[in-house]
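The numbers here are math on the coordinates, done by the rules we state, and not lab data. What you see is a predicted model; the values in this text were computed from it and never measured. Cβ coordinates were reconstructed from backbone atoms using ideal geometry, including for glycine residues, and neighbour counts include every protein chain displayed.
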Amino acid sequence: MEYLISKFNYWVYVALMMIGLYAMISKNNLVKKVIGMSIFQTAIIVFYVSTGAKKGATIPIIAHGHGEAAEAVIEASQYVNPLPHVLMLTAIVVSVATLGVALAIILGIHRKYGTLEEDEIMEKVRQP
């Protein structure tokens with residue numbers, strides 16, 4: 001039980017991912033599908049940012065790079081890995097761009113078909 005509680009944040013990420021996946025698969029409204037996609041992306045981003053965190057670590061900046069500090073051995077275990085954070089900044093930008101494009105496409109679909117429900121759109125597409 002203690003192990004499950006110590007990994008609580010991972011359970012939250014999995015729950016958020018499943019909520020987003022459920023919304024993308026089960027909902028017929030296109031806006032609800034896009035909201036599910038956004039929740040899914042956010043869960044993945046938060047998961048990767050949390051993997052870069054480390055207790056008792058500091059940022060990977062050496063304050064005094066010259067002189068005595070330059071000769072000292074640098075222990076990598078004392079620093080936080082910045083790579084997941086940097087990659088997730090890029091993922092956030094891609095996520096926002098994806099959301100904007102998806103909403104623009106949804107707006108065009110609504111203007112053309114007058115609805116955002118998948119079933120109604122498919123019926124209108126199949127009619128000659």
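Given +1 at the Cβ of Lys and Arg, -1 at the Cβ of Asp and Glu and no other charges, the dipole of the chain around its Cα centre is 500 debye to the nearest 20.
For the chain, the membrane-span-like helix rule (DSSP H, alpha carbon extent of at least 15 Å along the helix axis, mean Kyte-Doolittle at least -0.5) picks out 8-26, 30-51, 83-113; this says nothing about an actual membrane.
Close amide-amide hydrogen proximity is noted between Tyr79 and Thr58, each under 5 Å apart and 5 or more residues distant or on a separate chain (H modeled in the peptide plane; Pro and chain starts excluded).
For the pair Ile109 and Lys54 in one chain, pulling the backbone fully straight at 0.36 nm per residue adds 15.2 nm over the alpha carbon distance.
Considering only Thr115, Ile105, Leu87, the residue lying farthest towards the positive end of the dipole of the chain is Thr115, judged by Cα position with unit charges set on Cβ.
Close lysine pairs were tallied over the chain: pairs 8 or more places apart or on different chains with Cα atoms under 28 Å apart number 9. In deg cm²/dmol and to the nearest 500, what is the mean residue ellipticity at 222 nm of the chain if only DSSP H runs of at least 4 residues count, each as -39500 (n - 2.57), divided by the residue total? So the helix-based figure for the chain works out to -23000 deg cm²/dmol. If exposed trypsin sites (Lys or Arg not before Pro) are those in a DSSP loop with at most 16 other Cβ within 10 Å, what is the longest stretch of the chain that has none? Here the longest run is 56-128.
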